[in-house]
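Enquirer: I'd like to ask you about the structure that follows.
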Amino acid sequence: MGQRGCGQCPAEEEAKHITYLEHLDLENKSELDGDGARRASLEQIPVLLHEHREDVLRGLLENPHFEELHLCLLLGRAELSTALLEEIAKHKGWMISYRVKRALAFHHNLPPSLGLSLVRELYQSDLVALSFSPSGNPALRHLAEDLVLAKLPQLPPAQKMTLARRGSPRIVGALLTEGSPESLPTVLDSPLLNEGHVLKALARVALSVRIVTAIADHAKWSHIYSVRLALLRNSQAPMARVLTFLPNITTTDLKILSQSSSVPSRLVPHIRRELANRMQHGKAPVRGRQ
């Protein structure tokens with residue numbers, strides 16, 4: 001098999017093969033079998049790449065004109081069978097190519113038994129892409145996330161910034177807890193960060209003051225009721241900021257907070273004072289009111 005590139009195919013190569021598809025016509029194509037595919041010319045291969053008959057595709061794999069570029073175009077077909085993918089993975093000559101390994105790792109029908117070792121060989125940027133790929137095998141996507149998360153503490157700030165913009169929800173949540181100063185603002189603004197991530201981070205005893213303060217001051221997260229309750233329970237939260245939350249906390253929740261051992265002792269008198277004012281004036285806030 002030839003060694004022309006694949007995976008992210010050059011535009012001119014892809015256009016060339018599209019031209020073949022539009023203009024070539026094989027005689028008796030419907031009668032072509034695996035043996036015919038093995039003997040097809042280089043110019044005929046692009047047409048046969050779109051065949052649905054597996055015997056034809058298997059024949060193509062044995063064609064001496066079948067190149068790496070053809071293989072990656074073939075691997076772009078989502079409906080390829082697991083058996084065919086396994087056959088491709090057994091070919092040592094093809095598995096030398098990083099692009100072939102990448103294309104296999106991203107294929108939804110690749111069994112985890114084959115994909116686990118392939119995923120471990122992917123570059124960092126491809127691990128991130130796989131973890132977020134809707135077409136990837138769920139088990140392999142999860143492994144890709146695990147590998148990225150394991151490397152998170154050692155990554156330079158620039159790569160963390162990239163992950164904050166392009167990572168999966170699970171990776172973005174981990175970046176919040178990690179709290180790199182360079183990536184934290186981007187993480188907090190990420191549409192992939194959800195309320196669960198923020199609440200989980202605030203529940204951590206060792207969460208840094210910098211992260212807690214950033215959440216408390218954030219235009220979105222500081223106005224979410226459940227996050228405000230979590231900040232009131234967090235000993236690292238800035239006092240001046242959380243005191244502004246009290247008028248908008250329900251009376252029921254204030255009573256619970258006033259008796260909770262998880263609330264910082266310095267905050268309890270302020271909570272009780274807010275409760276006393278409500279009893280005196282008979283006013284109760286609307287939950288979540290800004």
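The values are calculated or read from the model by the stated rules, or taken from the named source; none is laboratory data. Please read these numbers as outputs of a predicted model, since none were measured by experiment. Positions of Cβ are backbone-derived with ideal geometry, glycine not excepted, and every protein chain shown enters the neighbour counts.
Enquirer: Working only within region 239-277, note down all residues that are surrounded by fewer than 14 Cβ atoms within 10 Å (Cβ to Cβ), in a loop (DSSP other than H, G, I, E, B) and under 37 Å from the mean Cα position of the chain (by Cα).
Expert: Answer for region 239-277, where residues must be surrounded by fewer than 14 Cβ atoms within 10 Å (Cβ to Cβ), in a loop (DSSP other than H, G, I, E, B) and under 37 Å from the mean Cα position of the chain (by Cα): Thr244, Ser262.
Enquirer: Continuing with the same structure: Determine the pairs where a residue that is under 13 Å from Lys255 (Cα atoms) and small (Gly, Ala, Ser), located within region 268-290, has a partner that is at pLDDT 75 or above and surrounded by 11 or more Cβ atoms within 10 Å (Cβ to Cβ) with Cβ atoms under 6 Å apart, the partner being 6 or more residues away or on another chain.
Expert: Close Cβ pairs satisfying both conditions: Ala284/Thr251.
Enquirer: Can you find, within region 130-164, the residue that is modelled with the highest pLDDT among those that are closer than 18 Å to Asn109 by Cβ, buried (at least 17 other Cβ atoms within 10 Å of the Cβ) and small (Gly, Ala, Ser)?
Expert: Among residues in region 130-164 that are closer than 18 Å to Asn109 by Cβ, buried (at least 17 other Cβ atoms within 10 Å of the Cβ) and small (Gly, Ala, Ser), the one modelled with the highest pLDDT is Ala144.
Enquirer: Further question: Evaluate the following for Leu140: is it assigned by TED's automatic domain parsing to the domain that holds Leu176, in a loop (DSSP other than H, G, I, E, B) and of a type in the set (A, V, I, L, M, F, W, C)?
Expert: So Leu140 fails the test.
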